[in-house]
Amino acid sequence: MPRLCIEVQGVVQGVGFRPSVYRLALAHGLTGAVWNHARGVTIEAQGGATSLEAFLRAIQTDIPPPARVANLACVDLPEDPQAEGFRILASDEGGDIRPVVPPDLAICPACAEETDTPGERRYRYPFTNCTYCGPRYSIIASLPYDRPHTSMQAFPMCPACRREYSDPLDRRFHAQPIACPVCGPHLTLRRLDGGSLSEGEDALHEAVVALQEGRVVAIKGLGGFQLLVDATSAEAVRRLRDRKRREEKPFAVMFPDMASLAAACELGEAERALLASPEAPILLVRRRPGAQVTEGIAPGNPRLGAFLPYTPLHRLLLALVDRPLVCTSGNLSEEPMAFEDDEALRRLGTLADVFLTHNRPILRPVDDSVMRVDGDGPTLLRRARGFTPLAVAVAGFKGAPTVLAFGAHQKATVSLLHQGQLVMSQHLGDLMSLQGADLLARTVEDLLDFFGVQPDRLACDLHPDYASTRLAERLSNEWDLPLLRVQHHHAHGAACMAEHGLKGPATALAWDGTGLGSDGTLWGGEALAIKGDRFERVGHLRPFPLPGGEAAVREPRRSACGLLWSLRGSGSPPPTLAPAFDGPEWNLLQSMLAKGLHSPVTSSIGRLFDAVAALTSLHARHGFEGQAAMALEFAAGDRVESPYAWDLKAGMANPSLLLEGVLSDLAAGQDVAFIAARFHTSLADLALAWTELSGLPDVVLSGGCFQNARLTGLVQAKLTDAGFRVHRHRTFPPNDGCISLGQAVVAALG
Ligand code: ZN
Ligand code: ZN
Ligand code: FE
């Protein structure tokens, strides 16, 4: 009888893979064993040839949803005539154990059905989970991943749960967070002073009434507190915006089920699959006209950040409320999300009316992930729940030094590159606040403790004032480790290259808001030729001044003023821009520019977007970063128009012709959609001009500007048509969330 040794790699640990192998082996009448080890899972199986063949197919397809077989190799073994039964062996603990920690996963179909079925032990139980689903990373204190090392250690299993936990044929075999109404956590509804209002099912029902009455409910979700409010009520949404001090930035909306989501938004196959996946991200989808959500959710935005309930608690709540709910991180604008009860009561007391909480502690905050699907696949815009802390293999870095990289200042992440594997922290938000900087420091410590890894070197941004840079400098001193400073756009390009296994040379189009350049000016419209830890600046936008510096990020009119000044000198604002300035504001900025006061120059394409949006009166004054660029993207829609010309000398692109073109179109009364479409085509032209100048066959696209689906699609098509190989971010975000990855690979090579 044939006997095989099968080596399996992929997402195969902590996701119920071994028990399913066990079940499949029994079903196919095989003998042998299965065990975990550092590199994956090994199976020894003996049986009839056809049974073995069927078994090999089944272990790739008939496995729990979160499990993924990436690699499968078989070797023939001599027959064992004494073989009997099939066993799950304890992990092989020899060698260099590289722990594989599973991410937090959405409730699986089996658990969903169980909580929906009267008479089941876990009927309507908000903390139902199994080996295929539920909390992981957010509740694990330390490794190995066993119950005593999780925040479930305070809940001794009842006999029924213990039975399921110990039965290899049960889907809760070794499910560490296993719980039931008898032994597990329970809900409490709290007042703002922390006092308990009600417990269990009553708490749920009272929270539902509060939501139906338009009140703001803070709930303790999987990876942190969230603020919920009725998404169909304009008044309720406005109340949340006022309290959260978040004027126009879109809110994500959770729908009760796929049917209600599909009624409100256009969904393709890929989008449906992602929404229902174990990662269950917030997905940016097209809103249908007349969708049952109030305009104030995402003003002027044709897309909606939509998602489905991903815990039993969310499912129960949404089913009772029976309408879409705004579901946003529990924080004040720009602060990190609250995840501990006391902290939430303190920090969210002015935001929420009531707290729906529970007694299962969250040990680290994990925000919701955000994705979008374009014509040719998904883009991850925020990488957190469902993905963190999965390690991603980075080709060519097996023997490289271990690097801890501290990232940028916004959309912060920390990365650990170790033996060719990259672990990126969850999205940590912005570091402007003290809480943000504190979260960064805690995450660094946590990541190293968790994986038991000591870095050989550290990496950070060139910018001296980023909280991430300051922390890296301090730890470099404390730990006596070398610190490498990586230029921001070099890191962008290197990140996208690493994602696609490119060593370079490759052209990187790194277009974003701003990052500090090697020459001390603010960069952001760059074409770099990158090879390993070196780069050459092949092309860039001709720098223009930003009166007020950082203030320009939130006031596109400043970018317009600076751009006009640099190309035309002083003068009065064009008619479409004039209303954006009150009284002496314009003249004040002009005199700042004339004196060179607080007006750093930038080559940023993000700021060029801002300038054009302000000139076309789309968005000129206060707002959130990227709002103006989004308005231009949406205005362009699917229109394709002829480009404005560029004046390109030795790689430096002077936007004067583009600006003159925009102004003359405005003077001729052309509509904004036309101008926005021309502007996008012009940028695709510029991308091609720089790529041809650089002359390398591989091109990577990185930076916040490539969150713009319209721009990315145009650039990709144009470069591909011209014969270049274009690579986009897929596994990591194109925005500053990828910077820590880029820093890590550059520093490992340096
Ligand atoms: Zn489950
Ligand atoms: Zn129990
Ligand atoms: Fe950036």
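Bear in mind that the values in this text are calculations on the coordinates, not laboratory data. Worth saying up front: this structure is predicted, and the values here are computed from it rather than measured. Backbone-built Cβ (ideal geometry, glycine too); neighbour counts: all protein chains shown.
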Requested in this report: With the Cα gyration tensor of the chain in hand, give its eigenvalues times 5 under a square root as the equivalent ellipsoid semi-axes, listed largest first in whole angstrom.
Outcome: 46, 32, 23
Query - Beta bridges per DSSP with both ends in the chain, % antiparallel, nearest 5 - result: 75 percent
Requested in this report: Return the tail of the calculated pair distribution for segment 187-358, meaning the percent of Cα-Cα pairs more than 30 Å apart.
Outcome: 11 percent
Report summary line: Inter-part gap, Cα centre of segment 667-694 to Cα centre of segment 186-209, in whole angstrom, is 55 Å
Query raised in the report: Relative to the first principal axis of the alpha-carbon coordinates of the chain, what is the inclination of helix 234-244, with its axis defined by its Cα atoms, in degrees from 0 to 90 and to the nearest 10?
Result: 80 degrees
Query raised in the report: Considering only Cα-Cα distances, which of the following residue pairs are longer than 24 Å: Lys398/Lys503; Lys244/Lys411; Lys220/Lys244; Lys411/Lys531?
Result: Lys411/Lys531
Report task. Calculate the spin-label point distance for Asp167 paired with Glu340, positioning each point 7 Å from the Cα along the beta-carbon direction, and give it in nanometres. Result -> 3.9 nm
**Report entry** Electrostatic dipole magnitude of the chain [Cβ: Lys, Arg +1; Asp, Glu -1; Cα centre; debye, to 20]
**Finding:** 560 debye
**Report entry** Unit charges at the beta carbon, dipole of the chain: most positive-side option, Phe127, Leu741, Phe173
**Finding:** Leu741
Requested in this report: May I ask you to compute the full-extension gain from Glu625 to Val182, defined as 0.36 nm times their residue separation minus their alpha-carbon distance, rounded to one decimal in nm?
Outcome: 154.7 nm
Report summary line: So the angle from the long Cα axis of helix 605-615 to the longest Cα principal axis of the chain, reported in degrees to the nearest 10, equals 60 degrees
Report summary line: Measuring from the longest principal axis of the C-alpha atoms of the chain, the long axis of helix 709-721 (C-alpha) lies at a number of degrees, nearest 10, equal to 90 degrees
**Report entry** Whole-number D in µm² s⁻¹ for segment 3-88, Kirkwood Cα-pair radius fed into Stokes-Einstein, 20 °C, 1.002 mPa s
**Finding:** 170 µm²/s
Requested in this report: Can you pull the one-decimal nm distance between simple spin-label points at Leu567 and Leu77, each 7 Å off the Cα toward Cβ?
Outcome: 7.1 nm
Report summary line: Partner lysines whose C-alpha sits under 29 Å from that of Lys595, ignoring same-chain residues fewer than 8 away, are Lys649
Report summary line: In vacuo Debye sum over C-alpha of segment 56-214, base-10 log of normalised intensity I(q)/I(0) at q = 0.13, 0.18 Å⁻¹, listed in q order, is -0.81, -1.32
